[in-house]
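Working notes, beginning with the structure itself.
The values are calculated or read from the model by the stated rules, or taken from the named source; none is laboratory data. Fair warning: this is a prediction, and the values are worked out from it, not measured in the lab. Note that each Cβ is placed from the backbone with ideal geometry, even for glycine, and that neighbours are counted across all protein chains shown. For accessibility, only protein heavy atoms count, side chains too; no ligands or nucleic acids. Shrake-Rupley method; radii C 1.70, N 1.55, O 1.52, S 1.80 Å.
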Amino acid sequence: MRNSPIILMLVALGRWAKYAPLTAFAVLILSGVFGDLVVRDVVRSIGDVAGTDELVLRAVGWAWMGGPLVVMTAMFVLRRRLSPVLKAVLTYVMSTVAASSSMLLGHRGDGGNEKRFGDVQHLATPISYGWAAAVGSVILTFVLGLVVLLIVSKVARKPLPTATQVRVGYGLGCLWVVLLGVSLWFGLTGPLPN
């Protein structure tokens, strides 16, 4: 765990940023559990603002999760130029926005998504698809990063030198950016499920 680029990133973002994962986790759980109460109104509001164009709705869905990830990646790259207060505020806000999107998770049980989204199902499908593409990049980055870190830790069998940790971190960061780009492309152009 000492060699984890995620821990290094959180430390680099500022001392208050370490509480952002706890805040994001709380919002994630609350949005996932109580999202049924507000998800129709949220999707309807998005439809009122964005219209019914499928491409725009897919982009909005991707941006709900992907936008905060892009901002946090930019924060990591520019971490020496940003003030600690700005880093902490952006970390809280972006992680909370990304976690709030868990209300789009599919409904389990009778009726499926038709029951969850009701009359806004036609708007929710492209939004959820774009969101799922962004989430897919996060999951894939996490899995690939875990595999890389396990391989590096098994090969090294000791704590890595700082220079190697930085190279592994930059490599995983580049992978993160590439996967975000691929997820955006897939989220905008991939076939919608029936």
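Cβ contacts < 6 Å: first residue closer than 15 Å to Met103 by Cα and open to solvent by 20 Å² or more (accessible area, probe 1.4 Å), restricted to segment 123-149; second residue assigned to a helix (DSSP H, G or I) and among the hydrophobic types (A, V, I, L, M, F, W, C), any location; separation 6+ or different chain. Result?
Matching pairs, first to second residue: Ser128/Leu104; Trp131/Trp64; Trp131/Met65; Trp131/Leu104; Val135/Met65.
Just give me the residues in segment 76-90 being assigned to a helix (DSSP H, G or I) and farther than 19 Å from Leu172 by Cα, in sequence order.
Passing the criteria: Pro84, Val85, Leu86, Lys87, Ala88, Val89, Leu90.
In contact (Cβ under 8 Å) with a residue 40 or more places away in the chain, within 12 Å of Pro126 (Cα to Cα) and either touching a Pro at 6+ places or on another chain (Cβ under 7 Å) or among the β-branched types (Val, Ile, Thr) (or both), is that true of Thr52?
So Thr52 passes the test.
Being surrounded by 12 or more Cβ atoms within 10 Å (Cβ to Cβ) and at pLDDT below 80 narrows it down to one of Phe76, Phe25, so name that one.
Of Phe76, Phe25, the one residue that is surrounded by 12 or more Cβ atoms within 10 Å (Cβ to Cβ) and at pLDDT below 80 is Phe76.
Against the condition surrounded by fewer than 17 Cβ atoms within 10 Å (Cβ to Cβ) and either at pLDDT 80 or above or part of a helix (DSSP H, G or I) (or both), how does Ala63 come out, does it pass?
No: the conditions fail for Ala63.
Among the residues of segment 29-52, write down those that are modelled with pLDDT under 85 and open to solvent by 80 Å² or more (accessible area, probe 1.4 Å).
Scanning segment 29-52 gives Val33, Phe34, Leu37, Thr52.
Here are Ala88, Ala63: which of them is over 23 Å from Ser137 (Cβ atoms) and within 19 Å of the chain's Cα centre (by Cα)?
Matching residue, one of Ala88, Ala63: Ala88.
Regarding segment 169-179, can at least one residue be identified that is in contact (Cβ under 8 Å) with a residue 60 or more places away in the chain, in a helix (DSSP H, G or I), among the β-branched types (Val, Ile, Thr) and over 25 Å from Tyr19 (Cα atoms)?
Looking for residues that are in contact (Cβ under 8 Å) with a residue 60 or more places away in the chain, in a helix (DSSP H, G or I), among the β-branched types (Val, Ile, Thr) and over 25 Å from Tyr19 (Cα atoms), one finds none in segment 169-179, hence no.
Those residues that are of a type in the set (Val, Ile, Thr), within 21 Å of Val93 (Cβ to Cβ) and part of a helix (DSSP H, G or I), I need them from segment 15-38; list them, please.
The answer is Thr23, Val27, Ile29.
Please state which of the following conditions Thr52 fails to meet, knowing it meets all the rest: (1) in a helix (DSSP H, G or I); (2) under 19 Å from Leu192 (Cβ atoms).
(1)
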